[in-house]
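Comments concern the structure below.
The values are calculated or read from the model by the stated rules, or taken from the named source; none is laboratory data. On a predicted model such as this, the values are computed, not experimentally measured, just so you know. Ideal geometry is used to build each Cβ from the backbone, glycine not excepted, and the neighbour counts take in all protein chains shown.
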Amino acid sequence: LIELDRAHLVHPVASYRGHEAAGARVLASAKGAIVTDASGHHLVDGFAGLWCVNAGYGHESIVEAAARQMRQLPYATGYFSLASEPAIRLAAALAERAPGDLNHVYFTLGGSDAVDSTVRFIHYYWHARGQPQRDQFITLQQGYHGSSTVGAGLTALPAFHANFGVPLNWQHKIPSHYPYRNPVGSDPEAIIAASLAALQAKIAEVGGPERVAAFYAEPIQGSGGVLVPPDGWMKAMRERCRQYGILFVADEVITGFGRTGPLFACTDDDIVPDLMTVAKGLTSGYVPMGAVLMSDHVYGVIADGAGASAVGHGYTYSAHPVSAAVGLAVLDLYENGLLENGRRAGARLMAGLRALQDHPLVGEVRGRGLLAAIELVTDKEKKTPLPASAEPSRRIFDRAWANGLVIRAFPTGVLGYAPPLCCSEIEIDDIIERTARTLDQTLA
Ligand code: PMP
């Protein structure tokens with residue numbers, strides 16, 4: 001398998017660099033929060049796959065829902081006014097549970113095309129409102145919004161732009177809140193003021209609010225290194241966008257579906273965005289699916305405007321009945337104990353990781369619920385980052401793996417945690433104990 005993998009299977013490019021020599025780690029099976037590789041090595045999956053298997057592995061009710069739907073109706077397009085029952089029911093269920101009036105759901109195959117779809121919808125929206133000059137998009141540094149061309153354009157991580165010749169000159173980045181390393185310090189008020197000022201300056205730079213279509217933010221920046229904004233940050237940015245008439249998009253691809261506690265992290269932030277993107281936990285990784293949720297107002301303008309001018313947007317596998325059936329089965333699990341267990345597990349994880357704060361390598365422990373990170377430093381006082389290359393983080397990943405723990409080791413020296421919501425107390429304690437062991441080995 002390792003030889004065939006090397007010869008034929010193309011991995012996500014950046015993450016595989018450095019692993020080629022050792023070869024692929026082939027996963028063979030999984031149950032709950034435990035994954036087993038092809039040689040029989042058991043590990044706690046501290047990253048829920050890629051922050052997605054929120055419900056955990058091996059739920060028969062999910063498998064049954066998928067099999068039943070495949071037998072009954074494996075496919076239905078949304079074109080020609082067609083629909084399937086699970087897609088309708090899942091859309092209604094999400095609308096009922098989402099904050100505010102996010103009542104209109106467009107299903108995609110994952111997060112990147114959900115983000116792409118928001119860009120399309122937002123263009124339609126401003127055209128329908130007679131303001132086509134609102135075509136500039138603002139996002140955050142350290143933000144991640146997908147790997148498609150448009151998603152990568154909105155993404156601020158340099159690796160996703162390297163050698164990328166396509167001109168995406170309509171998206172702009174402002175500095176992230178990043179409390180641990182913010183030039184204005186860690187005071188929440190100062191960070192919020194700095195972000196508002198940066199937004200204002202960027203708006204002016206692109207020609208004023210009447211040029212800006214939308215602002216995008218993750219409630220917690222995931223792929224940028226699990227950066228948690230100060231309390232009130234999302235609300236302040238959301239309100240400022242409202243004042244300028246700029247659409248506010250919350251990208252909840254990682255934070256949605258219990259990752260931080262509630263079904264949607266925007267609930268914690270007490271905001272209702274104009275649009276929201278979700279994926280990952282929506283189907284808990286069992287099958288691909290993402291979605292865009294739109295407010296009554298946004299969808300109303302698009303739907304009215306669409307009648308006037310020919311607009312087209314749709315994927316063959318949008319609102320896939322099998323994915324939707326899985327989404328419904330997963331939602332049922334979340335609401336029958338999983339969210340609750342996730343909240344308990346999250347509190348235990350945060351407490352356990354925070355107890356590692358005094359370790360000589362640990363600069364900061366941060367997170368919310370089951371979304372957490374440790375930022376490693378070589379000098380705690382000076383917050384000196386680990387050397388900027390993938391090498392140390394790959395070695396930490398390898399050590400954790402040998403200790404029976406899957407975590408994400410970012411090249412920036414940040415260890416990322418996103419275990420499944422089904423984790424038991426013992427599994428959470430194992431994650432912490434194996435992390436401590438990995439850190440001690442790294443120090444030695
Ligand atoms: N937005 C955010 C916030 C994400 O974290 C991701 C994936 N990590 C995406 C969009 C893209 O989702 P996908 O990989 O499913 O295309």
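The table below lists the values:
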read-out	value
Subset of the range 286-299 that is within 13 Å of the ligand (Cβ to nearest atom) and surrounded by 24 or more Cβ atoms within 10 Å (Cβ to Cβ) - its residue that is farthest from Val249 (Cα to Cα)	Met289
Some residue of the range 272-282 being touching a Pro at 6+ places or on another chain (Cβ under 7 Å) and either assigned to a loop (DSSP other than H, G, I, E, B) or within 14 Å of the ligand (Cβ to nearest atom) (or both)	yes
Which listed residue, of Tyr124, Tyr106, is in contact with a strand residue (DSSP E or B) (Cβ under 8 Å, 6 or more places away or on another chain), under 30 Å from Ala152 (Cα atoms), in the same structural domain as Gln171 (by TED's automatic domain parsing) and not charged (D, E, K, R)	Tyr106
Cross-chain or 6+ apart pairs with Cβ under 9 Å, the range 247-264 first and more than 19 Å from Leu140 (Cα to Cα), then among the acidic types (Asp, Glu) and within 10 Å of the ligand (Cβ to nearest atom)	Arg259/Glu252; Phe264/Glu252
Residue that is within 13 Å of the ligand (Cβ to nearest atom) and assigned by TED's automatic domain parsing to the domain that holds Arg181, where the choices are Arg259, Arg238	Arg259
Among (1) modelled with pLDDT of 95 or more; (2) more than 16 Å from the ligand (Cβ to nearest atom) - the single one Val166 does not satisfy	(1)
Which numbered condition Val184 fails, given (1) without any contact (Cβ under 8 Å) to a residue 12 or more places away in the chain; (2) of a type in the set (Val, Ile, Thr); (3) out of contact with any helix residue (DSSP H, G or I) (no Cβ under 8 Å at 6 or more places or on another chain)	(3)
The range 205-232: number of residues that are away from the ligand (no atom under 16 Å from the Cβ) and outside any strand (DSSP E or B)	10
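Conditions (1) away from the ligand (no atom under 16 Å from the Cβ); (2) touching a residue at least 40 places away in the same chain (Cβ under 8 Å); (3) touching a His at 6+ places or on another chain (Cβ under 9 Å), marked per residue:
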{"residue": "Pro99", "(1), (2), (3)": "yes, yes, no"}
{"residue": "Leu102", "(1), (2), (3)": "yes, yes, no"}
{"residue": "Arg120", "(1), (2), (3)": "no, yes, yes"}
{"residue": "His172", "(1), (2), (3)": "yes, no, no"}
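Here's the yes/no breakdown for (1) within 26 Å of Trp51 (Cα to Cα); (2) more than 16 Å from the ligand (Cβ to nearest atom); (3) of a type in the set (A, V, I, L, M, F, W, C); (4) assigned to a helix (DSSP H, G or I):
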residue: Thr139; (1), (2), (3), (4): yes, no, no, no
residue: Tyr144; (1), (2), (3), (4): yes, no, no, no
residue: Ser147; (1), (2), (3), (4): yes, no, no, no
residue: Gly151; (1), (2), (3), (4): yes, no, no, yes
residue: His177; (1), (2), (3), (4): yes, no, no, no
residue: Ile191; (1), (2), (3), (4): no, yes, yes, yes
residue: Ala201; (1), (2), (3), (4): no, yes, yes, yes
